[in-house]
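Read-outs: derived from the displayed coordinates by stated rules, not from any lab. Nothing here was measured: the structure is a model prediction, and the numbers come from that model. Note: ideal-geometry Cβ built from the backbone for every residue, glycine included; neighbour counts use all protein chains shown.
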Amino acid sequence: MRVVIDTNLYVSALINENSRRRLNLVLESPKFEIVTDALLLKELTLVIFRPKFCRLVSDVQIRNFFELLHERSIFFETTSTVQHSPDPKTTFCLPCARIAPQTFS
């Protein structure tokens, strides 16, 4: 099953051990294909490197996290935009979520 994971879940996993265990179950499971795109990674990078998060996680943890994410993710180039979203803060995730199911063969 292909899934798009919201930035908030990634950040929670970086700073909270319980969230990290749950996310690792998804990342390490062959049942799931993690779908991402440049906008989601850009948002994630901007959030993770905010001063309040930098105090909570080390550079090594961040690097290891991104390595795992790159290993386990399918990357798509999204070109469309979504005009209306129930949660405007997550609008950047929606094009990725829309394109992923269309690519099943």
Work out the FRET efficiency for His70 and Ser29 from their Cβ-Cβ distance, taking R0 = 25 Å, and round it to the nearest 0.05.
0.90
Quote to one decimal, in nm, the extra length available between Arg2 and Phe53 on full extension: 0.36 nm per residue of separation minus the C-alpha distance between them.
15.5 nm
At Leu46 and Leu9, where each label point lies 7 Å from the Cα along Cα→Cβ, what is the point-to-point distance in nanometres?
2.1 nm
Per-pair calculated FRET efficiency, R0 = 25 Å: Ala38 and Val60 via Cβ, rounded to 0.05
0.55
Which of Leu41, Leu14, Pro30 sits closest to the plus end of the dipole of the range 1-50, meaning its Cα is farthest towards the positive end, when Lys and Arg get +1 and Asp and Glu get -1 on the C-beta?
Leu14
